[in-house]
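Asker: I have a structure here, written as structure tokens, and I will follow up with some questions on it.
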Amino acid sequence: MVRLSIKLVPAESNDTCGLCGKETAMDSGPRLYLVDQEAGVCQGCGQQHAPSLVALLTLAKVAKRVGTIGRHTVVPPMEALLDLARAAENFSFSMNGNPRQAA
């Protein structure tokens, strides 16, 4: 079993994924890392091994973006609020393990 953690990294970098070896360009901020190594993990491998952590990182990135927009306006645009709601819903579903069903 692969154990992943979230680490806050202050600078952007181009790393290789510790699981698949693909080149990944990673932004500054929170990232997925292997627990026993100093190797980052790409989003595809993270989605396969720890979907709830990937959903949490996505929620954090969207919340940061919406928060930045909110500083300059009274109310953030509807599209940004919908992105935030979608990311929160994805995280909620990943934690509950409920499969999504099409309407």
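The values are calculated or read from the model by the stated rules, or taken from the named source; none is laboratory data. Because the structure is predicted, anything quoted here is derived from the model rather than measured. Every residue, glycine as well, gets a Cβ built from its backbone with ideal geometry; the counts of neighbours run over all protein chains shown.
Asker: Taking only the range 15-52 into account, find how many residues are over 12 Å from the mean Cα position of the chain (by Cα), more than 24 Å from residue 1 (Cβ to Cβ) and either among the hydrophobic types (A, V, I, L, M, F, W, C) or surrounded by 13 or more Cβ atoms within 10 Å (Cβ to Cβ) (or both).
Answerer: Matching residues across the range 15-52 total 1.
Asker: Since residue 45 meets every condition but one in (1) at pLDDT below 90; (2) not in a loop (DSSP other than H, G, I, E, B), which condition does it not meet?
Answerer: Answer for residue 45: the failing condition is (1).
Asker: If residue 28 satisfies every condition in (1) under 27 Å from residue 96 (Cα atoms); (2) out of contact with any Gly (no Cβ under 9 Å at 6 or more places or on another chain) but one, which is the exception?
Answerer: It fails just one condition, (1).
Asker: Going residue by residue through the range 6-25, is there one that turns out to be touching a Ser or Thr at 6+ places or on another chain (Cβ under 7 Å) and assigned to a helix (DSSP H, G or I)?
Answerer: no
Asker: How about the range 59-96: which of its residues are crowded, with 17+ Cβ neighbours inside 10 Å and either over 17 Å from the mean Cα position of the chain (by Cα) or under 19 Å from residue 6 (Cα atoms) (or both)?
Answerer: Residues satisfying the conditions are 59, 62, 76, 87, 90, 91, 94.
Asker: Please work out which one of (1) closer than 30 Å to residue 2 by Cβ; (2) among the small types (Gly, Ala, Ser); (3) over 10 Å from the mean Cα position of the chain (by Cα); (4) surrounded by 15 or more Cβ atoms within 10 Å (Cβ to Cβ) is the condition residue 55 fails and give its number.
Answerer: Condition not satisfied by residue 55: (3).
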